[in-house]
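Coordinate-derived values only; no laboratory data. Everything quoted here is computed from the prediction, not taken from an experiment. When we count neighbours, we look across all protein chains shown, and the Cβ atoms used for this are built from the backbone with ideal geometry, even at glycine.
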């Protein structure tokens, strides 16, 4: 019935958005904190992302959160591709829709009053699955900036800014470039508090355990 009312592209995009959002909204950081016996939202930066979990609970909790958050982004793209193949929609549009929805779901999960993480790991998982070369370039920027500054936030912002540029020069246009710009803008916007702390000189460097 739905296939007769809506064109395949619309169906695949809508289903990809739904799947991506609810997959992205799974709060692995919150669950890891509870395993440690703390509410991660009340400690450190009060963010449920892997960086805050790492600082508050240690790498044994933070690293798995990073991996699982990245896996959410990768799975959202994979599921979107399967949905497009099943309904006959355009794969690239489904990928982009599912990936962006997953990042939004991680950043604004409905279960937590729309207060989630910044989306760095989830974005990395999604873009690695869609465009591995620009992702590797952006990750290289992250490593370089982090090595120099020792600020996770600065490295993440720099990598986000570099990603659309890498996508553009790799020859990708259309939905892929649009996604890169939107994802980068969202990630940078989610670092607003970090930027304010950087200006004030109160941002935490790597290696310092959160209070």
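When you go through 29, 44 one by one, which is the residue that is farther than 14 Å from residue 102 by Cα and not in a loop (DSSP other than H, G, I, E, B)? Answer to the selection: 29. Restricted to the range 168-189, and to residues that are more than 16 Å from residue 138 (Cβ to Cβ) and touching a residue at least 60 places away in the same chain (Cβ under 8 Å), which residue is nearest to the chain's Cα centre (by Cα)? If we take residues in the range 168-189 being more than 16 Å from residue 138 (Cβ to Cβ) and touching a residue at least 60 places away in the same chain (Cβ under 8 Å), then 178 is nearest to the chain's Cα centre (by Cα). Residues considered: 168, 179. Of these, the only one that is part of a helix (DSSP H, G or I) and surrounded by 19 or more Cβ atoms within 10 Å (Cβ to Cβ) is 179. Among (1) over 30 Å from residue 9 (Cα atoms); (2) touching a helix residue (DSSP H, G or I) at 6+ places or on another chain (Cβ under 8 Å); (3) free of Cβ contacts under 8 Å to residues at least 24 places away in the same chain, where does residue 147 come up short? That leaves (2) as the condition not met. For residue 37, state whether it is exposed (fewer than 15 other Cβ atoms within 10 Å of the Cβ), more than 18 Å from the chain's Cα centre (by Cα) and within 23 Å of residue 115 (Cα to Cα). Judged against the criteria, residue 37 is a match.
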